[in-house]
Amino acid sequence: MAVERSLDIFSIANGLARQAHANDGDTFEHGCRMRPVCDLLATRLGLGGEEVGRIGVCALLHDIGKSTLPETVLFKPGRLTPDEYRQMMEHTSNGHGMLRDFGHPWLDCAADAALHHHERFDGGGYPHGIAGLAIPLPARVIAVADVYDALRSERPYKPALNHEKAVNLILRGDDRTSPSHFDPAVLAAFEHGAPAIRQLYDEPVAGN
Ligand SMILES: [Fe+2]
Ligand SMILES: [Fe+2]
């Protein structure tokens with residue numbers, strides 16, 4: 001008798017990320033926190049259920065290349081040297097290399113998102129410096145959720161910001177972050193979805 005197997009891409013992505021990030025500190029949880037934020041942004045952009053799900057898988061796996069970084073770079077509490085920063089930037093292309101050969105369209109998409117999630121809408125990002133709509137949509141969505149999560153998280157060199165300060169910084173910018181880094185449509189979805197995003201972080205539902 002044939003045994004039916006269903007391919008649950010979410011379970012596969014989750015297991016892949018959990019395994020890859022076993023020694024990466026908070027990186028697995030970072031992807032898990034970002035997934036519902038990306039769901040919310042994608043839904044507000046008017047995308048359908050399959051596209052929303054695909055972007056969620058991309059969010060779970062976007063930093064998988066960090067598993068290739070030496071601990072001296074990944075966990076360095078202070079400022080990175082130029083050479084260490086170059087190594088850190090390689091988590092994008094390394095992540096792409098880790099995901100590109102599975103032969104599943106959602107993981108192909110996750111490979112592209114891993115490669116391009118640090119590109120900026122104004123062209124000032126890495127690794128390729130592409131701009132605007134040339135950046136794949138999942139990477140444009142992840143870019144906003146990524147910065148929000150980084151701002152809300154405590155690091156050895158900085159405290160966690162509260163929701164209002166994080167939203168204000170993303171929408172208004174500071175000496176490091178500018179609204180020009182982000183797709184204006186995603187930024188608008190973020191601004192309008194901000195109360196729901198605050199709830200995801202500050203009032204998580206039990207079991208999530
Ligand atoms: Fe990253
Ligand atoms: Fe990230």
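The values are calculated or read from the model by the stated rules, or taken from the named source; none is laboratory data. Everything quoted here is computed from the prediction, not taken from an experiment. All Cβ positions, glycine included, derive from the backbone under ideal geometry; neighbour counts span all protein chains shown. Heavy atoms of the whole protein, side chains included, go into the accessibility calculation; ligands, DNA and RNA do not. Shrake-Rupley method; radii C 1.70, N 1.55, O 1.52, S 1.80 Å.
Taking first residues from region 47-62 that are in contact (Cβ under 8 Å) with a residue 60 or more places away in the chain and partners that are away from ligand 2 (no atom under 16 Å from the Cβ), the Cβ contacts under 6 Å between residues at least 6 apart in sequence or on separate chains come to R54/W106; R54/C109; I55/A42; C58/C109.
Within region 83-109, residues that are in contact (Cβ under 8 Å) with a residue 40 or more places away in the chain have Cβ atoms under 9 Å from residues that are assigned to a helix (DSSP H, G or I) and open to solvent by 60 Å² or more (accessible area, probe 1.4 Å) in these pairs: M98/T68; H104/I12; L107/I12, counting only partners at least 6 apart in sequence or on another chain. For region 194-206, a tally of residues being free of Cβ contacts under 8 Å to residues at least 40 places away in the same chain and open to solvent by 50 Å² or more (accessible area, probe 1.4 Å) returns 8.
Determine if region 183-193 includes at least one residue that is open to solvent by 30 Å² or more (accessible area, probe 1.4 Å), out of contact with any strand residue (DSSP E or B) (no Cβ under 7 Å at 6 or more places or on another chain) and within 16 Å of ligand 1 (Cβ to nearest atom). No, region 183-193 has no match at all.
For region 141-175, how many residues meet the condition of being open to solvent by 60 Å² or more (accessible area, probe 1.4 Å) and either more than 15 Å from ligand 1 (Cβ to nearest atom) or of a type in the set (F, W, Y) (or both)?
Qualifying residue count for the region: 11.
If you go through region 157-178 and pick out every residue that is within 17 Å of the chain's Cα centre (by Cα) and of a type outside the set (G, A, S), you end up with 3. If you scan region 80-98, which residues turn out to be assigned to a helix (DSSP H, G or I), open to solvent by less than 50 Å² (accessible area, probe 1.4 Å) and farther than 15 Å from P127 by Cβ? Answer for region 80-98, where residues must be assigned to a helix (DSSP H, G or I), open to solvent by less than 50 Å² (accessible area, probe 1.4 Å) and farther than 15 Å from P127 by Cβ: just E84.
Kindly establish whether I197 is out of contact with any Phe, Trp or Tyr (no Cβ under 9 Å at 6 or more places or on another chain) and among the β-branched types (V, I, T). No; evaluated as a whole, the condition is false for this residue. Residues in region 34-46 that are touching a residue at least 24 places away in the same chain (Cβ under 8 Å) and more than 16 Å from ligand 1 (Cβ to nearest atom) were compared, and the one that is surrounded by the most Cβ atoms within 10 Å (Cβ to Cβ) is L41.
Cβ-Cβ distances below 6 Å connect the following pairs, each with a first residue in region 110-124 that is away from ligand 2 (no atom under 14 Å from the Cβ), a second residue that is not in a helix (DSSP H, G or I), and a separation of six or more residues or different chains: A111/R100; D112/P136; F121/F182; F121/D183; G123/G129; G123/A131.
Within region 105-140, which residues are acidic (D, E) and surrounded by fewer than 17 Cβ atoms within 10 Å (Cβ to Cβ)? D108, D122 - these are the residues of region 105-140 that are acidic (D, E) and surrounded by fewer than 17 Cβ atoms within 10 Å (Cβ to Cβ). Evaluate region 42-52: report whether one residue or more is closer than 21 Å to I12 by Cα, within 12 Å of the chain's Cα centre (by Cα) and either part of a helix (DSSP H, G or I) or hydroxyl-bearing (S, T, Y) (or both). There is no residue in region 42-52 that is closer than 21 Å to I12 by Cα, within 12 Å of the chain's Cα centre (by Cα) and either part of a helix (DSSP H, G or I) or hydroxyl-bearing (S, T, Y) (or both).
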